[in-house]
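**Student:** Sharing a structure below in structure tokens format, with a few things to ask.
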Amino acid sequence: MNKRHVLAALLLGLCAGVQAQLQFDSLQNEHEAGFTEEKRVAVFTFKNTGSEPVRILKVSSSCGCTVPKMDKKVYQPGESGRIEAVFTYGGRMGIQRKRITVKTSGGGDQTHLLTMVTDIPAWVEVSPRLLRWKTTESSKTQALAVHVAQPERIEIEIPESSEHFNISWKESSPGKYAILLEPKALSGRVTEFLTIRASVREGEKTRTREFGAHCLIR
């Protein structure tokens, strides 16, 4: 190796040595939600392991339901920090993956992808989610199948009637219901959402969520 190559290698080594970078303790945060939880906060900790200050240019999430925030924008060499992300569940159920993108600069731009994994317990499953009747056919009864995940903990409230439908229901086994709907008339277009309310109590806290299906007459 000649002197020119040696000098180039040294310069590359120096540049690599001074490059600022954030080192995250973990890029993924996992959590199993409780029945009465409405949101969670995930914390991602990091450290500037380089020898130059790092500036956080932007922190964004893949969904409006997840809001990330940071304490400050610039971190000196050797300094640690954290990024918090608040995920509001809404009506979501099952495994939810929310991604937070962190863009930084300082000795070389970098992008870090963080992931929140949240397992939200299913309360009630309704199938199908859409019932449809035609105005050109005779009135007929259609059924919704409703399955309550933990009937010993979850109470549901099924409406007895609605503006456009006659409603009845029966429970075939604990937590398994058949809801029967029959249009009161098929003379016009109707769009209605059948709402089933479910409640769970944990200690002194009660949480209520709504489920159901769309009912259309066309």
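The values are calculated or read from the model by the stated rules, or taken from the named source; none is laboratory data. Bear in mind that the values here come from a model prediction, so they are computed numbers and not experimental data. Cβ sites come from the backbone with ideal geometry, for glycine too, and all protein chains shown count toward neighbours. Side chains included, ligands, DNA and RNA excluded: accessible areas come from the protein's heavy atoms. Shrake-Rupley method; radii C 1.70, N 1.55, O 1.52, S 1.80 Å.
**Student:** DSSP loop (so not H, G, I, E, B), at most 16 other Cβ within 10 Å: list which GluC sites (Glu not before Pro) in the range 126-175 pass both filters.
**Tutor:** Here the sparse-neighbourhood loop sites are Glu137, Glu152, Glu160, Glu163.
**Student:** Can you give the accessible area per residue of the chain, in Å², using a 1.4 Å probe?
**Tutor:** 59 Å²
**Student:** Once you sort the root eigenvalues of the Cα gyration tensor of the range 97-218 as a ≥ b ≥ c, which label holds: rounded (a/c under 1.5), prolate (a/b larger than b/c) or oblate (the other case)?
**Tutor:** It is oblate, given that a/c is not under 1.5 and a/b is not larger than b/c.
**Student:** Going through the range 64-119, which trypsin sites (Lys or Arg not before Pro) have at most 11 other Cβ atoms within 10 Å and a DSSP loop state?
**Tutor:** Lys72
**Student:** For Ser139, Ser187, give me the order by solvent-accessible area with a 1.4 Å probe, most accessible first, ignoring ligands, DNA and RNA.
**Tutor:** Sorted by accessible area, descending: Ser187, Ser139.
**Student:** Based on the alpha-carbon set only, what is the convex hull volume of the chain divided per residue, in Å³?
**Tutor:** 201 Å³
**Student:** Can you list residues whose amide H is under 5 Å from Thr135's amide H, if they're 5+ apart or on another chain and H is modeled 1.01 Å from N?
**Tutor:** It is Arg218, by chain and number.
**Student:** Counting only protein heavy atoms and using a 1.4 Å probe, what share of the accessible area of the chain belongs to carbon plus sulfur, as a whole percent?
**Tutor:** After summing per-atom areas, the C and S share lands at 49 percent.
**Student:** By how many nm would the segment from Lys72 to Ser199 lengthen if fully extended, with 0.36 nm per residue of separation less the alpha-carbon distance?
**Tutor:** Extending this stretch completely gives an extra 41.7 nm.
**Student:** Using a 1.4 Å probe on the protein heavy atoms only, what accessible surface does Phe24 show? Give it in Å² to the nearest 10.
**Tutor:** 20 Å²
**Student:** Return the subset of Lys47/Lys72; Lys170/Lys205; Lys39/Lys98; Lys39/Lys170; Lys98/Lys176 for which the Cα-Cα distance in this structure is over 24 Å, preserving the input order.
**Tutor:** Cα-Cα > 24 Å for Lys170/Lys205; Lys39/Lys170; Lys98/Lys176; rest within.
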